[in-house]
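Input: a single structure, listed below in structure tokens.
What follows draws every value from the coordinates through simple rules; no lab data is involved. It should be emphasised that the depicted structure is a prediction, and the values quoted were computed from it without experimental measurement. Please note: Cβ atoms are built from the backbone with ideal geometry, for glycine as well, and neighbour counts cover all protein chains shown.
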């Protein structure tokens, strides 16, 4: 059985993330970048051994989430770019009652990891959510993942157990 954690952050007291990524840039996604974002998300999860046993389920859920996000007029997604190349992405749900506002969490291409970019992308994601009316942002991840241990605790993130399995489709 997979153990899950739900992290929560107050979005009203976040650090300035622009200095965290210099000289790279963090920005809102362009609607035309849907395919690039999907590739970044898939690549990031497939390169992370913590998700290997559930990679198919994660990929399926992310594909559905990405389609929903990019069907909106103004997609809620933040990216990190190196020049013109998207090297990281974070799909977001700006619905107030969403169980998780961080649909994908901060996803960074393998060759750009271990540079603090996931932290910067998390800060940018929380900032985006705060600017869209989310005072208390939530993100769900595996209990023993690198994200749970090193990324999500930043910026005042607090964790609690999450009982349901976010990889199982709702039966409504």
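A few remarks follow.
- Gyration tensor (alpha-carbon) shape descriptor, the stretch 97-164, a/c threshold 1.5: oblate
- Of the peptides 28-40, 118-130, the ranking by mean beta-carbon count within 10 Å, highest at the top, reads 118-130, 28-40.
- Packing-based order for 75-83, 99-107, using average beta carbon neighbours within 10 Å, highest first: 99-107, 75-83
- Cα Rg over Rh - the stretch 4-162, Kirkwood: 0.92
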